[in-house]
Each structure stands twice: as structure tokens, then as C-alpha cells.
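The values are calculated or read from the model by the stated rules, or taken from the named source; none is laboratory data. Everything numeric here is computed off the predicted structure, so don't read it as measured data. Positions of Cβ are backbone-derived with ideal geometry, glycine not excepted, and every protein chain shown enters the neighbour counts.
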Amino acid sequence: MSKVRQLDAARARKGLAGLAREHPELAGSRQVQGALEWLETTEDDEDDMPDETKDAQLVVRMPSAMIKRLDAYAETLRAKMPGAKWARADVARMLLTQALDAAEAPSLLRGRRGK
């Protein structure tokens, strides 16, 4: 989790805790209870999250037809692997890696033959 998100989550936890102290009648509210539970899970996950600043961001424009194909492939992966969450970015990263590996493979083979 980024430092900004960590600070935002910490502020939210502090604010909700203050509201709960000032207004005990809200403690039974499902919305407040749900928000508190969510914030507790974000606190637990903070140590497990990789440092997002190590990855560079790439913004790409694509035709809508290609995005539809990407989303359809994500649905196929979700059906093949129930429980796995395949976001559009995950699928794009995986397919790009496979395409690069395939494109680089012939040059890798030529380099081995020359030795």
C-alpha cells in the first residue's frame, strides 16, 4: 500500500474511532460496523502489500474492440480458475509478457546455435 493510502486509511480509522466514541448510538449501525471492519482488514494488509512505487506505470490507448477481447479473455480465465481475480491490468500484463517471450524466443535460439 502506498504511503498516501496508508495515511488515508490511518486518518479514516482515527475519524471513525472518534465518531464511535462521540456517538455510541452509531456503534450498532451496519454501515459503521462494515466500515470499521473494512479498515481493520486494510490495516492487516499494509505489511503484506508490495511497494507499489517500484513499478512504472504505462498508459496505453486501445481500440474498444481490443478491450472487449481483453475483457472476454479475463472472463475465460476466471471460468478456468474460479476464485482467482483477473483484473484487466493483470490479463494485459500476462498477455504482454507471453507475447514478448514469444517474440524474443527466436533470437534467443539463434544466439545459442552460434555458440
Inset, instruction - Pairs only if they're at least six apart or on different chains, beta carbon under 6 angstrom, first in the stretch 61-88 and within 18 Å of Ala99 (Cα to Cα), second outside any helix (DSSP H, G or I); list them, first residue then second. - result: Ala74/Trp86; Leu77/Trp86
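Quick grid of which residues meet (1) at pLDDT below 70; (2) small (Gly, Ala, Ser); (3) closer than 29 Å to Leu95 by Cα:
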site: Leu7; (1), (2), (3): yes, no, no
site: Ala17; (1), (2), (3): no, yes, no
site: His23; (1), (2), (3): no, no, no
site: Gln33; (1), (2), (3): yes, no, no
site: Leu39; (1), (2), (3): yes, no, no
site: Met49; (1), (2), (3): yes, no, yes
site: Met62; (1), (2), (3): no, no, yes
site: Met81; (1), (2), (3): no, no, yes
Inset, instruction - Considering only the stretch 73-87, state which residues are outside any helix (DSSP H, G or I) and either touching a Phe, Trp or Tyr at 6+ places or on another chain (Cβ under 8 Å) or among the hydrophobic types (A, V, I, L, M, F, W, C) (or both). - result: Met81, Ala84, Trp86, Ala87
Inset, instruction - Can you give me the number of residues within the stretch 53-72 that are surrounded by 10 or more Cβ atoms within 10 Å (Cβ to Cβ) and part of a loop (DSSP other than H, G, I, E, B)? - result: 1
